[in-house]
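What follows is one structure encoded as C-alpha cells, with my remarks underneath.
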Amino acid sequence: MELVKNVVCPFCGTLCDDIVCKVENNEIVGTINACRIGHSKFVHTEGAMRWKKPMIRQGDEFVETTYDDAIEKAAHVLADAKRPLMYGWSCTDCDAQAVGVELAEETGAVIDNTASVCHGPSVLALQDVGYPICTFGEVKNRADVVVYWGCNPMHAHPRHLSRNVFSRGFFRERGRADRTLVVVDPRKSDSSKLADVHLQLDFDKDYELLDAIRTVVRGKDILYDEVAGIPREQIYEVAEVLKNAQFGILFFGMGITHSRGKHRNIDTAICLVQELNDYSKWTLIPMRGHYNVTGFNQVCTWESGYPYCVDFSTGEPRYNPGETGANDLLQNKEADAMMVIASDPGAHFPQNAIMRMAEIPVIAIEPHRTPTTEMADVIIPPAIVGMEAEGTAYRMEGVPIRMRKVVDSDLLTDKQILERIRDRVKELQASK
Amino acid sequence: MQKIIKNGMIYDPLNNIDGEKMDICIDNGKIVDSVANDAEVIDASGKIVMAGGVDPHTHIAGAKVNVGRMYRPEDSKRDVMARGGGMRAGSGFSVPSTFMTGYRYAQMGYTTAMEAAMPPLLARHTHEEFHDMPIIDHAAFPLFGNNWFIMKYLKEGDLDKTAAYSAWLLRATKGYAIKIVNPAGTEAWAWGGNVHGINDPVPYFDVTGADIIKGLAEVNEMLGLPHAIHLHCNDLGHPGNYETTIASFDIPKNIVPKPKYGHRDKILYATHVQFHCYGGTNWRDFVSAAPKVADYVNKSDHIVIDIGQVTLDETTTMTADGPMEYDLHSLNGLKWANCDVEMETGSGVVPFIYAARAPVPASQWGVGMELFLEIKDPRKICLTTDSPNAGPFTRYPRVMAWLMSNKYRMNLIENELHKWAQTKTTVATLDREYSLYEIAQVTRATSAKVLGLSDTKGHLGVGADADIAVYDINPETQDLSAEYMAVEKAFSNAAYVLKDGEIVVLDGTMVKPDLYGRTYWINTKYKPEVEQEVLVDVEKWFRQYYSVNFENYPVQEDYIPRSVPLLGDSVPGEASGKEPAIEGASK
Amino acid sequence: MSEIILNPKVQPQVPLEAQNVTPDMFAGKSIDEIKNIEIWFGNEQVSLSEFFDVEGESADNASEIKIIIDGDVDNTKRIGQGMTAGEIVIKGNTSMYVGSEMEGGKITVEGDAGPWAGRDMKGGELTIMGDAGDYIGSSYRGDWRGMSGGVLTVYGNAGNEIAEYMLGGKLVVKGNVRIMPGVHMNGGTLIIGGDVIARTGGEMKGGTIVVKGIIDEFLPGFEFLGVEKDIEIDGELLEGNYFKFKGDNATKGAGGIIYAATKGNAHIAP
Ligand code: SF4
Ligand SMILES: [Zn+2]
C-alpha cells in the first residue's frame, strides 16, 4: 500500500488539503484526515455507477461509443443551436472551466455554473454592496466571535468548524474556549447544538432580523418589540456581542441565500458586517458548497468580466441573472440545447426546468450515472479531477490550491474533452 | 523572420537617441546590427519609434483585481468587446478582463507590465490570470510589508533570516520584487486599526514602518535583486501625509544598490506618490505638498518614483492598504470589498469617481501634474496611474498628451476642473511641456532600468528584445503642443507594435492576438544553511497557523509556461547574467 | 406623426432582441431599410422582416415617428431600449427590458410587460396597461444609480424589487406589488395604489414611497413620525390619512420617507 500525502479533497468548498490517500493497485482504498463525505468521494462508496465509455442515446437505449463519435455529436449539437446553455462547472478544475468559457464564446452560448442555484444570491449581493472577506487562517488565528447564519456546517462542511473554530490559533491559544459561537437558524441542528447563542428566528425573516440588528448596532431603536420571533432584548444583546468582538466573522449558507428575498438577505448581512467595522473588526465568508464553485466564478470573471450567467449570444459578454441564468433559460424555454458538466441539474432543478431539458438535446460530461445522464443524448465520461487528474481549485474564500492526481485513469480529462469539442466546433463554424 | 523598421524617428533615452532617423533591424525576436536585404520592411517614415512601453506598477492580475471585476458588473458593461479576429471576448472599463488587458496594453505600444501587489498565499491566482493575458511580458511583486515572518525576524534583528525567508518567498510565489504596502498598517488593520506614520509600532509584532522599510531595503541588496524595494508609503491619501512620505524616502538613502542582475542604480522605488503629497491637516485646509516632495526628489539620487496620475474617470481603487480602502468607503459610501490574508497581508477595493468638478479630485489631478512637471530629471519618474486606482491604464495616452501640451492642461483647468486645482496646487503656473524624448524616458526607459530589465527592455539598442512601438506622430510637421488630441489618439492606437519581433498591432488593431509573454521571477537562495533554519520556523507556523499545507503552498512550475527565472541557478557563475533565451511563444 | 406598423408574425421560442426597434433607429430610413434592420434571434442576427411585417411611413426625425406593434410580442426583448423621442405602442404583451435606458418619448404597452421595464430610465413616459414583472424602474446589476427620470406607470400589478436604487423620476403602480419595493431607493417617488407583501423601502436612504393599500409586514428599522392628512407628493394631492415613517435606519444617512394609508395598516404602526 502506498500513502499519498497532502491530497486536496474534491468534495466541499472547505477544500481540505491535508488528506492522505491509501492507494492499492491504482485504487484509493482509504483516507486519513478526510471527513466521512470526503472519504466516500475518494473511495467511491457513494454507490454511484461510473461511466467507463462514452454513450449515445438511441431511442430509449444508451449505446457505447467512442470519444470521437461522442465529441462529434456534441460539437454538432452546440454548433447548430441558437441558444445553447452550458451549465455546471463546479466540480472540475479551472483549466477545464477556462476552455468552457472559450467554447461558450465560440458557440454564442450562455454559460452558467451551480452558483446559480446556491450562492448566486451572494454574488448579486456583493455586486450591490461589497465583499469584505478574509482567509480561513485569519479566522483561526484571530476570531473571537464566529457566526454561522443559515448553515449547518457539521452536516455540509464537516471539517469547517474543526479547522476554523475549534482549532487553536495564534491569538486564540485555547481554540474553541476563546470564541463565542453564534448560530442563526430557524431549526435546531448539529451545529446549533454546539453554539453559545442560537438565534432561532422565524422562517423567511432573515432580512427583518438583520434590519433590526443593523438599526440597533447604529444606535437607533426598532419599531417593534419582537422581530422575526426574536424579542427586542435579545436583539440588543446580540448587537452588543457583535460590536464587542475583537475579530468577528460571519459564515453564511443556503439557509439565508434561499430564504425569502434571497440576495437582499445577503446584501443586508454584508452591510451589517461592513458597519460593524466602525466598532470592531468584521469580515465574512460564504459557505460555498462544491469544491470548485468559487473557481468557476473566478475564471469566468477574469476571462469575460462576469462571474456566472454570461450570455455570449451577440459575441459580447452580457450578464443579468434572472434572464441569463440556467434556470431562467430553461424555464422560459429559451435554451434549445444544453451541455451539462460536473453537476447534476437533473436531480436539483425545479420541475419546469427539467421539463425543458427533456425537450432539447442534452450533452452530459459526467463521470457517474445521475438523473442528468439519464436524460442525456450524449454522455462523455471524464477522469475525476483531484483523484485521477491534476488541476486548480479555489477554496470558498478564494484561496487557490493545486489538486493532486492520486491514481491513473484511461479516461480523458474534462479539459481534454472540452478542448476537442471546442476544436471541432471551430471547424464546423468555419465551414458554415 | 528578419525585419527592418525604416526611416522612423527614434526616441531611445537609454541610448541617448533623440529623434534621429535610423533603421532598426530585427532578427529572431531581438534587435540586431543588420539584416539581409530581403528582410521585411516596415516603413516608419514620418513616424516615431520607441521601445515597447514598460509599466512598472499596475493592477492587472490576481485576487483583488478579479474582485474588482466581479463586483462591478456596472463597470464591465461600460466597455465590452466581442470575440472576433482571433481575439477573445471581454469586458471592463476600469478593470478589463485578462485578454482585453493584454490587447489594450499592446494597442498602446506597451509590451511589459508589472502586477504590483501579489498576496503570497494567493500567488497562484495571479499566475493563472497571467496565463490568460496575451502579448505582454509580466511579473508580480509579492507583498512583504506586513508579513509575520518578516516582522518577526526584523523584530529579532536578524537580517540574515529575513533575507533567507525573502528569497524563499520569492521562489515560492514566483515573485519578482519586494513590495511593501503601508508597512505595519495592514497588519494593524487585521484588528481594525492602522498605523500613523513610520514610527507607530504594529500591534503584537512591535516593529514600525520605518523598521520594515529599512530592513527590507537592506535585504533587497543582500539578495542583489534586479528591482529596488517597491514602496507604497504609510498614510496614503491623508492631508498632511507628505511628511511621512519624505521621512520614508529618507530611510534607506545610505544603502548602496548592488543588483546582481540589470543596471539599477537606485535604492528605492516609491509608488503612486501623487497620493502621498498632501499638506494641511484635513480636506478643508488641504494644500498640495507636491513641490516639497519634488524638491526632495530633485535633491536625491537614491530614488525613483511613479506618479499615480488621476485621470478624472470613474474607476475602481484596489490596494493591499486595507485600512485605507475602508476609510475611502466610509468617505464615499460606495461598495467595499476587502480580503485579509492570513499571516501576510490584506487588501481592499472601492469604486471611486474622480469628478473633474469636485474639489478633491481636481486637486489630485493637479498634484500629479505638479510632480511630473516639477521633478526636473525624468530619469527619476515613471508614468503611471496606479491603474486602476487613479484611473485605468488605457488613459496613459491622455496623460502623455497632458504632459506634452500646456494648452491641453490649461483648457482642462480653466473649463472643466474645480477651482481647487488652481488654488490648492500650482499646476496652472507650470508651463513645462514634455518632449517625445522625455515621454519615452518616463514610459519605458526609467521603468526598464529601475526594474533591472534594461538589458532587454526599454530601449532599441542591439541585444534588446524586439518589443517596439511605432506611432503616427510626426514632430517635424506637427505642433504637438497644439495638436494634443492627435497625439493622444496616436499613442492610443499605435501604427505598429512588435513583440519579440512579431507584428502584433497594425494601425491600432490587433493582428496577432494569440502571442503570450514571459513571466519573470526571482530564483535565488540566500545562504542555504540559514534558509534551512528559517524553513524549520516556516513549516512550524504552517502547521499551526496557516490554513494550507506547506507542501501545497509554493506555486508549481506548471503555472509558469513561459518562465524566465532570474538570478540563481539560471545564471551560473555570472554576477550580472543574461536571461536565458525564451521566445515569446504562442499558447 | 408618421406611423410605422410592425405586424408580428409567429414569435419564436428562442427570444428576439429588438433594441433596434426605436424611433431613433427608424428615423431617416425607408420602409425597405427598416425591414432590413437587424434584430437578434438567439445567437444569430436576422432582419426585422423575418419576424415582422412592416408597413407605413417613416420620417426623418425620431420625434415624428410612431411605431405601432400590432399584436403580442411576448418573446421579444428590449423594445424601445434607449429611445430618446417619438412613440411606440405595443398592442399586446411584451418581454423584458421594454423602455430600459429610455431618455425621452413615449411607450405604451397595452398588455403585460416582463421584468426590467424602464430599467435605468432617464426620461420620457412608459405606460404599461397590464401587469409588469420584477425590477421595473431598477438599476443594472451592481449599479447604485437606478432610474433617474421620467414617468413609469403600471395599471396592473408588479413584481419584486421595483424602483430598486431609484434616484429620481416617478414610478406609479396602480395594483399590488410583491416584496422590496423601493429597496435601496435614494430619490424619486414611488406610488403604489394596491398592497405590498413586505419590506417596503428596505435599506432606503432617500426618496418617497406612498402605499395606498395594505402592507402585510413592515420593517423594524423605520422611525414612526405620526399621522398626516392629505399629503402632497410631486404637486399631486393624495387624500386621506397616512402613517408617516422615516428610514431605513439600518443604513447610514437614512432619510427616506414612507407614507402608508392608515386604513388597513394599523398593525404596522407601533
Ligand atoms: S470538510 Fe469538505 S473538503 Fe474537508 S474533507 Fe470533508 S468534504 Fe472534504
Ligand atoms: Zn498600486
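The values are calculated or read from the model by the stated rules, or taken from the named source; none is laboratory data. Given the structure is predicted, the values throughout are model-derived calculations rather than measurements. Don't worry about glycine lacking a Cβ; one is built from the backbone with ideal geometry, like all the others, and counts go over all protein chains shown. What goes into the accessible areas is simple: the full protein's heavy atoms, side chains included, and nothing from ligands, DNA or RNA. Shrake-Rupley method; radii C 1.70, N 1.55, O 1.52, S 1.80 Å.
Worth pointing out:
- Extreme residue, farthest from the chain's Cα centre (by Cα), among residues of the range A:202-220 that are touching a residue at least 24 places away in the same chain (Cβ under 8 Å), assigned to a loop (DSSP other than H, G, I, E, B) and within 18 Å of C:Gly201 (Cβ to Cβ): A:Arg218
- Members of the range C:230-260 that are out of contact with any helix residue (DSSP H, G or I) (no Cβ under 7 Å at 6 or more places or on another chain), among the small types (Gly, Ala, Ser) and either open to solvent by less than 10 Å² (accessible area, probe 1.4 Å) or within 12 Å of chain A (Cβ to nearest Cβ) (or both): C:Gly247, C:Gly253, C:Ala254, C:Gly256
- Given (1) out of contact with any strand residue (DSSP E or B) (no Cβ under 6 Å at 6 or more places or on another chain); (2) of a type in the set (S, T, N, Q); (3) at pLDDT 95 or above, index of the condition A:Thr45 fails: (3)
- When A:Ser162 is tested against (1) touching a residue at least 40 places away in the same chain (Cβ under 8 Å); (2) not in a loop (DSSP other than H, G, I, E, B), only condition (1) is not met.
Residues are listed down the side, and each one gets a yes or a no for (1) surrounded by 24 or more Cβ atoms within 10 Å (Cβ to Cβ); (2) out of contact with any helix residue (DSSP H, G or I) (no Cβ under 6 Å at 6 or more places or on another chain):
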residue: B:Ala61; (1), (2): yes, no
residue: B:Arg69; (1), (2): yes, no
residue: B:Glu74; (1), (2): no, yes
residue: B:Arg83; (1), (2): no, no
residue: B:Gly90; (1), (2): yes, no
residue: B:Ser94; (1), (2): yes, no
residue: B:Gln107; (1), (2): no, yes
residue: B:Met114; (1), (2): yes, yes
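- When residues in the range B:205-257 are screened for being within 16 Å of ligand 2 (Cβ to nearest atom) and among the β-branched types (Val, Ile, Thr), 2 of them pass.
- For the range A:13-55, a residue qualifies if it is open to solvent by 20 Å² or more (accessible area, probe 1.4 Å), touching a Phe, Trp or Tyr at 6+ places or on another chain (Cβ under 8 Å), within 15 Å of ligand 1 (Cβ to nearest atom) and under 24 Å from A:Pro371 (Cβ atoms), and the qualifying residues are A:Ile37, A:Lys41.
- The range A:21-51: number of residues that are under 19 Å from A:Leu411 (Cβ atoms) and assigned to a strand (DSSP E or B): 5
- Filter result for B:Thr315 (open to solvent by 10 Å² or more (accessible area, probe 1.4 Å) and either at pLDDT 95 or above or among the hydroxyl-bearing types (Ser, Thr, Tyr) (or both)): no
- The set of residues in the range C:214-239 that are part of a loop (DSSP other than H, G, I, E, B) and within 24 Å of C:Met121 (Cβ to Cβ) comprises C:Asp234, C:Gly235.
- First in the range C:191-204 and without any contact (Cβ under 8 Å) to a residue 40 or more places away in the chain, second anywhere and open to solvent by 10 Å² or more (accessible area, probe 1.4 Å) and aromatic (Phe, Trp, Tyr), Cβ under 8 Å, 6 or more apart: C:Ala198/C:Phe218
- Output for the range A:298-334, where each listed residue is facing another protein chain (nearest Cβ under 7 Å) and of a type in the set (Lys, Arg): A:Lys333
- Members of the range A:221-241 found to be touching an Asp or Glu at 6+ places or on another chain (Cβ under 7 Å) and part of a loop (DSSP other than H, G, I, E, B), listed by number: A:Ala228, A:Gly229
- Listing of helices (runs of 4 or more DSSP H) fully contained in the range B:432-529 that carry 3 or more residues being out of contact with any strand residue (DSSP E or B) (no Cβ under 8 Å at 6 or more places or on another chain): B:484-492
- Residue within the range C:173-181 that is more than 14 Å from chain B (Cβ to nearest Cβ), without any contact (Cβ under 8 Å) to a residue 24 or more places away in the chain and touching a helix residue (DSSP H, G or I) at 6+ places or on another chain (Cβ under 9 Å) present: yes
- Residue check, C:Lys91 under 29 Å from B:Ala82 (Cβ atoms) and open to solvent by 50 Å² or more (accessible area, probe 1.4 Å): no
- Members of the range B:25-47 that are of a type outside the set (Gly, Ala, Ser) and open to solvent by less than 10 Å² (accessible area, probe 1.4 Å): B:Ile26, B:Ile31, B:Ile42
- Among the residues making up the range C:192-223, those that are away from chain A (no Cβ under 14 Å), among the β-branched types (Val, Ile, Thr) and open to solvent by 10 Å² or more (accessible area, probe 1.4 Å) are C:Thr208, C:Ile214.
- Matching entry among A:Ala104, A:Ala109, A:Ala98, A:Ala156 (being more than 16 Å from ligand 2 (Cβ to nearest atom), aliphatic (A, V, I, L, M), within 10 Å of another protein chain (Cβ to nearest Cβ) and open to solvent by 10 Å² or more (accessible area, probe 1.4 Å)): A:Ala98
- Residues satisfying the stated conditions in the range A:156-184, i.e. away from ligand 1 (no atom under 16 Å from the Cβ) and in contact with a strand residue (DSSP E or B) (Cβ under 6 Å, 6 or more places away or on another chain): A:Asp178, A:Arg179, A:Thr180, A:Leu181, A:Val182, A:Val183, A:Val184
- In the range A:1-12, the qualifying residues are those that are aliphatic (A, V, I, L, M), outside any loop (DSSP other than H, G, I, E, B) and surrounded by 14 or more Cβ atoms within 10 Å (Cβ to Cβ), and the one that is nearest to ligand 1 (Cβ to nearest atom) is A:Val7.
- Exactly one residue among B:His272, B:His276 is at positive phi and within 21 Å of the chain's Cα centre (by Cα), and that residue is B:His272.
- Among the candidates A:Ala212, A:Ala125, residue that is away from chain B (no Cβ under 14 Å) and open to solvent by less than 10 Å² (accessible area, probe 1.4 Å): A:Ala212
- Annotation note: of B:Val360, B:Val350, B:Val341, the sole residue that is of a type outside the set (Asp, Glu) and without any contact (Cβ under 8 Å) to a residue 40 or more places away in the chain is B:Val350.
- B:Ala139 being over 24 Å from B:Glu533 (Cβ atoms), under 21 Å from the mean Cα position of the chain (by Cα), of a type in the set (Gly, Ala, Ser) and not in a loop (DSSP other than H, G, I, E, B): yes
- Flag for C:Ala113 being within 20 Å of the chain's Cα centre (by Cα) and modelled with pLDDT of 95 or more: yes
- Matching strands (runs of 3 or more DSSP E) fully within the range A:369-411 where at least 1 residues are under 17 Å from A:Phe62 (Cβ atoms) and within 14 Å of another protein chain (Cβ to nearest Cβ): none
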